[in-house]
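Enquirer: Structure provided below as structure tokens; questions to follow.
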Amino acid sequence: MIKRLVPLLVAGYALWQLQSHRQQRQALAQRSKPRHKVADVNTWEGEGGALPVTGSQVGPDPVQR
């Protein structure tokens, strides 16, 4: 019975190590990817960036296209 159990445990340990190695490589690749820079938001008065009681906000809400 031990002759059957030992190879099974060794194979399980090898598969566990392989999976652990894959996860570490994947995490490293994920961390090394450059992140995209968030675009700056320009809010001009004509585009709806004014105060709530002035200028473009007096009328209907601006339409986004």
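Enquirer: Quick check on LEU5: is it surrounded by fewer than 10 Cβ atoms within 10 Å (Cβ to Cβ) and at pLDDT 80 or above?
Expert: Taking the combined requirement at face value, the residue satisfies it.
Enquirer: Here is a check on your reading of the model: is GLN64 modelled with pLDDT of 65 or more and either assigned to a loop (DSSP other than H, G, I, E, B) or of a type in the set (Gly, Ala, Ser) (or both)?
Expert: Judged against the criteria, GLN64 is a match.
The values are calculated or read from the model by the stated rules, or taken from the named source; none is laboratory data. Keep in mind that what you see is a predicted model, and the values were worked out from it rather than measured. Ideal geometry is used to build each Cβ from the backbone, glycine not excepted, and the neighbour counts take in all protein chains shown.
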